[in-house]
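Note sheet for the following structure.
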Amino acid sequence: MENELLKEAIQVLKNNKRPELINCTMYGQYTADVKEFLYSDKEEKYSIIEKNPDPKLVRSAKAFTALIKEELKRRNNATGEKATVKLNLDGGFFIADENFGEGITHFERLNSQQWEIVKNGINKIYDHKTFLLFLQKLKPSISAFNEVFKQFATLRIIGETELTSNPIFTENGQNSGFQCRYKLDDGCDGEDTFPTGFSVNVAFAKAGTFKYDLPIDLLFTRSTDNELNIEVLCPIFENIEEQAIIDEANYIKEEAKEYEDLLIISDL
(Lines give C-alpha, C1' and ligand atoms only; values in the text may rest on other atoms or scores of the structure.)
Protein backbone atom coordinates (compact mmCIF):
# COMPACT_ATOMS: atom_id res chain seq x y z
CA MET A 1 0.00 0.00 0.00
CA GLU A 2 2.77 2.40 0.98
CA ASN A 3 4.69 1.57 -2.18
CA GLU A 4 1.67 2.31 -4.31
CA LEU A 5 1.15 5.69 -2.59
CA LEU A 6 4.82 6.53 -3.09
CA LYS A 7 4.60 5.71 -6.78
CA GLU A 8 1.50 7.87 -7.12
CA ALA A 9 3.27 10.78 -5.36
CA ILE A 10 6.28 10.52 -7.67
CA GLN A 11 4.00 10.45 -10.70
CA VAL A 12 2.21 13.60 -9.48
CA LEU A 13 5.56 15.38 -9.06
CA LYS A 14 6.61 14.33 -12.56
CA ASN A 15 3.37 15.61 -14.02
CA ASN A 16 3.73 18.95 -12.22
CA LYS A 17 7.41 19.44 -13.06
CA ARG A 18 8.29 22.55 -15.02
CA PRO A 19 9.13 21.89 -18.67
CA GLU A 20 12.87 21.81 -19.20
CA LEU A 21 12.75 23.76 -22.44
CA ILE A 22 10.39 26.55 -23.43
CA ASN A 23 10.14 28.92 -26.36
CA CYS A 24 9.57 32.55 -25.55
CA THR A 25 9.32 35.75 -27.54
CA MET A 26 12.33 37.97 -26.98
CA TYR A 27 12.42 41.60 -28.02
CA GLY A 28 15.55 43.04 -29.60
CA GLN A 29 16.34 46.67 -30.32
CA TYR A 30 14.30 46.68 -33.50
CA THR A 31 12.23 43.48 -33.81
CA ALA A 32 11.10 40.42 -31.84
CA ASP A 33 12.10 36.79 -32.27
CA VAL A 34 11.34 33.44 -30.61
CA LYS A 35 14.23 32.21 -28.45
CA GLU A 36 14.72 28.92 -26.60
CA PHE A 37 15.12 28.93 -22.80
CA LEU A 38 16.43 26.19 -20.49
CA TYR A 39 15.26 25.74 -16.87
CA SER A 40 17.90 25.37 -14.15
CA ASP A 41 16.78 23.54 -10.99
CA LYS A 42 19.77 24.94 -9.14
CA GLU A 43 19.06 28.56 -10.02
CA GLU A 44 15.28 28.01 -10.16
CA LYS A 45 14.88 30.07 -13.30
CA TYR A 46 14.90 29.92 -17.07
CA SER A 47 17.92 31.22 -18.98
CA ILE A 48 18.29 31.77 -22.69
CA ILE A 49 20.35 29.14 -24.48
CA GLU A 50 23.40 31.00 -25.69
CA LYS A 51 24.31 30.00 -29.21
CA ASN A 52 26.90 32.71 -29.73
CA PRO A 53 30.58 31.72 -29.59
CA ASP A 54 33.03 33.95 -27.75
CA PRO A 55 33.72 37.26 -29.50
CA LYS A 56 36.28 36.99 -32.26
CA LEU A 57 39.46 39.07 -32.39
CA VAL A 58 41.41 40.20 -35.46
CA ARG A 59 44.53 42.38 -35.60
CA SER A 60 44.52 43.87 -39.11
CA ALA A 61 42.13 45.91 -41.24
CA LYS A 62 42.38 43.34 -44.03
CA ALA A 63 41.35 40.48 -41.75
CA PHE A 64 38.60 42.67 -40.26
CA THR A 65 36.96 43.41 -43.62
CA ALA A 66 37.30 39.77 -44.73
CA LEU A 67 35.53 38.61 -41.56
CA ILE A 68 32.73 41.16 -41.99
CA LYS A 69 32.03 39.86 -45.49
CA GLU A 70 32.13 36.21 -44.44
CA GLU A 71 29.92 36.72 -41.39
CA LEU A 72 27.25 38.56 -43.39
CA LYS A 73 27.45 35.88 -46.08
CA ARG A 74 26.82 33.10 -43.53
CA ARG A 75 23.83 35.00 -42.19
CA ASN A 76 22.42 35.52 -45.71
CA ASN A 77 22.54 39.24 -45.08
CA ALA A 78 23.35 40.75 -48.45
CA THR A 79 22.74 44.38 -47.45
CA GLY A 80 24.21 44.49 -43.93
CA GLU A 81 20.82 45.19 -42.36
CA LYS A 82 20.99 45.58 -38.56
CA ALA A 83 24.77 45.09 -38.66
CA THR A 84 27.12 47.74 -37.27
CA VAL A 85 30.79 48.62 -37.63
CA LYS A 86 32.39 51.10 -35.24
CA LEU A 87 35.87 52.43 -35.92
CA ASN A 88 37.98 54.17 -33.29
CA LEU A 89 41.59 55.18 -32.64
CA ASP A 90 42.61 51.67 -31.54
CA GLY A 91 40.69 49.69 -34.19
CA GLY A 92 37.00 49.05 -33.69
CA PHE A 93 34.38 46.30 -33.61
CA PHE A 94 31.70 44.67 -35.73
CA ILE A 95 28.28 43.38 -34.64
CA ALA A 96 26.66 41.11 -37.22
CA ASP A 97 23.22 41.37 -35.57
CA GLU A 98 22.87 44.44 -33.37
CA ASN A 99 19.21 43.61 -32.86
CA PHE A 100 20.18 40.86 -30.38
CA GLY A 101 23.88 41.65 -29.95
CA GLU A 102 25.06 38.56 -31.84
CA GLY A 103 28.18 37.92 -33.91
CA ILE A 104 30.66 40.29 -32.27
CA THR A 105 34.18 40.78 -33.62
CA HIS A 106 36.79 43.07 -32.11
CA PHE A 107 39.45 44.74 -34.25
CA GLU A 108 42.55 45.66 -32.26
CA ARG A 109 45.17 47.11 -34.56
CA LEU A 110 48.71 45.78 -34.35
CA ASN A 111 51.18 48.41 -35.49
CA SER A 112 54.22 47.35 -37.45
CA GLN A 113 57.44 46.79 -35.54
CA GLN A 114 59.15 49.64 -37.38
CA TRP A 115 56.32 52.04 -36.50
CA GLU A 116 56.64 51.08 -32.83
CA ILE A 117 60.41 51.64 -32.94
CA VAL A 118 59.90 55.18 -34.24
CA LYS A 119 57.03 55.93 -31.85
CA ASN A 120 58.96 54.73 -28.82
CA GLY A 121 62.26 56.22 -29.97
CA ILE A 122 61.38 59.85 -30.65
CA ASN A 123 61.48 62.66 -28.08
CA LYS A 124 64.47 61.05 -26.38
CA ILE A 125 68.11 62.02 -25.90
CA TYR A 126 70.80 59.49 -26.84
CA ASP A 127 74.52 59.25 -26.48
CA HIS A 128 76.43 58.20 -29.56
CA LYS A 129 76.30 54.44 -28.98
CA THR A 130 72.59 54.21 -28.15
CA PHE A 131 71.76 56.48 -31.10
CA LEU A 132 73.58 54.13 -33.47
CA LEU A 133 71.64 51.20 -32.02
CA PHE A 134 68.39 53.10 -32.62
CA LEU A 135 69.49 53.83 -36.18
CA GLN A 136 70.40 50.18 -36.77
CA LYS A 137 66.91 49.05 -35.75
CA LEU A 138 65.44 51.27 -38.47
CA LYS A 139 67.60 49.82 -41.23
CA PRO A 140 64.64 48.25 -43.17
CA SER A 141 62.95 51.65 -43.38
CA ILE A 142 65.89 53.91 -44.34
CA SER A 143 66.73 54.37 -47.99
CA ALA A 144 70.51 54.25 -48.63
CA PHE A 145 70.96 53.08 -45.07
CA ASN A 146 74.70 52.43 -45.38
CA GLU A 147 75.36 56.01 -46.42
CA VAL A 148 73.18 57.43 -43.65
CA PHE A 149 74.67 55.16 -41.01
CA LYS A 150 78.21 56.02 -42.10
CA GLN A 151 77.56 59.73 -41.54
CA PHE A 152 76.87 59.09 -37.89
CA ALA A 153 79.08 56.07 -37.23
CA THR A 154 82.27 57.93 -38.15
CA LEU A 155 81.78 60.79 -35.68
CA ARG A 156 85.23 61.29 -34.24
CA ILE A 157 84.27 63.36 -31.23
CA ILE A 158 82.72 60.55 -29.21
CA GLY A 159 84.88 58.95 -26.56
CA GLU A 160 88.19 60.14 -28.01
CA THR A 161 87.55 63.87 -28.05
CA GLU A 162 86.07 66.72 -26.09
CA LEU A 163 83.61 69.31 -27.36
CA THR A 164 84.99 72.80 -27.04
CA SER A 165 81.72 74.58 -27.90
CA ASN A 166 78.03 73.95 -28.24
CA PRO A 167 76.94 72.58 -31.65
CA ILE A 168 75.91 75.44 -33.94
CA PHE A 169 73.37 75.09 -36.73
CA THR A 170 74.76 76.22 -40.07
CA GLU A 171 73.11 76.37 -43.46
CA ASN A 172 75.25 76.30 -46.54
CA GLY A 173 73.37 74.65 -49.39
CA GLN A 174 73.64 70.88 -49.19
CA ASN A 175 76.14 71.11 -46.34
CA SER A 176 73.69 72.42 -43.76
CA GLY A 177 73.85 70.79 -40.36
CA PHE A 178 75.20 71.13 -36.85
CA GLN A 179 78.79 72.31 -36.71
CA CYS A 180 80.85 71.09 -33.79
CA ARG A 181 84.34 72.02 -32.69
CA TYR A 182 86.32 69.61 -30.60
CA LYS A 183 89.77 68.79 -29.34
CA LEU A 184 91.44 65.44 -29.99
CA ASP A 185 93.44 63.54 -27.40
CA ASP A 186 96.65 64.66 -29.09
CA GLY A 187 95.68 68.29 -28.57
CA CYS A 188 94.74 69.03 -32.17
CA ASP A 189 91.56 70.93 -32.92
CA GLY A 190 88.90 69.51 -35.21
CA GLU A 191 85.59 70.46 -36.71
CA ASP A 192 82.71 68.46 -38.18
CA THR A 193 79.21 69.12 -39.48
CA PHE A 194 76.55 66.58 -38.59
CA PRO A 195 73.31 65.96 -40.54
CA THR A 196 70.14 67.54 -39.16
CA GLY A 197 68.10 64.40 -39.67
CA PHE A 198 66.95 61.63 -41.98
CA SER A 199 63.71 60.10 -43.26
CA VAL A 200 62.14 56.70 -42.74
CA ASN A 201 59.42 55.06 -44.81
CA VAL A 202 57.36 52.94 -42.42
CA ALA A 203 54.28 50.71 -42.64
CA PHE A 204 51.61 51.83 -40.19
CA ALA A 205 50.11 48.43 -39.37
CA LYS A 206 51.55 44.95 -39.31
CA ALA A 207 50.76 43.23 -42.62
CA GLY A 208 49.33 46.56 -43.78
CA THR A 209 49.65 48.17 -47.19
CA PHE A 210 49.84 51.84 -46.16
CA LYS A 211 53.35 53.25 -45.68
CA TYR A 212 54.30 56.75 -44.56
CA ASP A 213 57.37 58.96 -44.72
CA LEU A 214 58.39 60.11 -41.25
CA PRO A 215 60.94 62.94 -41.16
CA ILE A 216 63.29 62.51 -38.21
CA ASP A 217 64.91 65.70 -36.88
CA LEU A 218 68.09 65.62 -34.83
CA LEU A 219 69.25 68.15 -32.26
CA PHE A 220 72.90 68.04 -31.18
CA THR A 221 73.89 69.41 -27.79
CA ARG A 222 76.89 69.29 -25.49
CA SER A 223 76.51 67.35 -22.25
CA THR A 224 77.95 68.41 -18.89
CA ASP A 225 80.79 65.96 -19.59
CA ASN A 226 81.57 67.76 -22.86
CA GLU A 227 80.28 64.85 -24.91
CA LEU A 228 77.75 64.92 -27.69
CA ASN A 229 74.06 64.26 -27.03
CA ILE A 230 71.65 63.58 -29.87
CA GLU A 231 67.96 64.30 -29.37
CA VAL A 232 65.60 62.49 -31.78
CA LEU A 233 62.44 64.37 -32.75
CA CYS A 234 59.53 63.99 -35.16
CA PRO A 235 57.31 67.07 -34.68
CA ILE A 236 54.62 65.90 -37.13
CA PHE A 237 54.43 62.28 -35.93
CA GLU A 238 50.97 62.68 -34.36
CA ASN A 239 49.62 64.33 -37.51
CA ILE A 240 50.87 61.46 -39.67
CA GLU A 241 49.55 58.86 -37.21
CA GLU A 242 46.12 60.50 -37.26
CA GLN A 243 46.15 60.45 -41.06
CA ALA A 244 47.13 56.76 -41.01
CA ILE A 245 44.14 55.98 -38.79
CA ILE A 246 41.84 57.92 -41.13
CA ASP A 247 43.28 56.11 -44.17
CA GLU A 248 42.68 52.76 -42.48
CA ALA A 249 39.06 53.70 -41.69
CA ASN A 250 38.50 54.82 -45.29
CA TYR A 251 39.92 51.50 -46.51
CA ILE A 252 37.43 49.56 -44.36
CA LYS A 253 34.56 51.76 -45.56
CA GLU A 254 35.56 51.23 -49.17
CA GLU A 255 35.76 47.46 -48.72
CA ALA A 256 32.30 47.41 -47.11
CA LYS A 257 30.53 49.84 -49.46
CA GLU A 258 28.58 47.02 -51.15
CA TYR A 259 26.47 46.64 -47.97
CA GLU A 260 24.07 49.54 -48.35
CA ASP A 261 22.35 49.03 -44.97
CA LEU A 262 25.53 48.43 -42.95
CA LEU A 263 25.90 51.13 -40.30
CA ILE A 264 29.51 52.37 -40.09
CA ILE A 265 30.37 54.74 -37.25
CA SER A 266 33.72 56.57 -37.25
CA ASP A 267 34.62 57.65 -33.73
CA LEU A 268 37.92 59.25 -34.61
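A few points about this structure:
- The residue of region 127-154 that is surrounded by the most Cβ atoms within 10 Å (Cβ to Cβ), among those that are modelled with pLDDT under 95 and in a loop (DSSP other than H, G, I, E, B), is Asp127.
- Residue check, Ile157 surrounded by 15 or more Cβ atoms within 10 Å (Cβ to Cβ) and modelled with pLDDT of 95 or more: no
- Inside region 219-239, residues that are surrounded by 16 or more Cβ atoms within 10 Å (Cβ to Cβ) and closer than 20 Å to Gly208 by Cα make up a count of 1.
- Annotation: of all residues in region 32-54 being surrounded by 10 or more Cβ atoms within 10 Å (Cβ to Cβ) and outside any strand (DSSP E or B), the one that is modelled with the highest pLDDT is Ile49.
- Cβ-Cβ distances below 7 Å connect the following pairs, each with a first residue in region 122-133 that is more than 14 Å from Gln151 (Cα to Cα), a second residue that is crowded, with 17+ Cβ neighbours inside 10 Å and at pLDDT 95 or above, and a separation of six or more residues or different chains: Ile122/Val232; Ile122/Cys234; Ile122/Phe237; Lys124/Val232; Tyr126/Phe134; Tyr126/Val232.
Results for (1) free of Cβ contacts under 8 Å to residues at least 40 places away in the same chain; (2) under 19 Å from Lys257 (Cβ atoms); (3) of a type in the set (Ser, Thr, Tyr), shown as yes or no for each residue.
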position: Lys62; (1), (2), (3): no, yes, no
position: Ala83; (1), (2), (3): no, yes, no
position: Lys86; (1), (2), (3): no, yes, no
position: Phe94; (1), (2), (3): yes, yes, no
position: Glu108; (1), (2), (3): no, no, no
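- Residues in region 211-228 that are over 17 Å from Thr193 (Cβ atoms) and polar (S, T, N, Q): Ser223, Thr224, Asn226.
- Checking each residue of region 110-126 against the condition of being in contact with a strand residue (DSSP E or B) (Cβ under 8 Å, 6 or more places away or on another chain), part of a strand (DSSP E or B) and surrounded by 15 or more Cβ atoms within 10 Å (Cβ to Cβ) gives at least one match.
- Considering residues of region 222-268 that are in contact with an Asp or Glu (Cβ under 7 Å, 6 or more places away or on another chain) and either without any contact (Cβ under 8 Å) to a residue 12 or more places away in the chain or among the polar types (S, T, N, Q) (or both) only, the residue farthest from Lys69 (Cα to Cα): Asn226
The values are calculated or read from the model by the stated rules, or taken from the named source; none is laboratory data. Everything numeric in this text was worked out from a predicted model, so none of it was measured. Please note: Cβ atoms are built from the backbone with ideal geometry, for glycine as well, and neighbour counts cover all protein chains shown.
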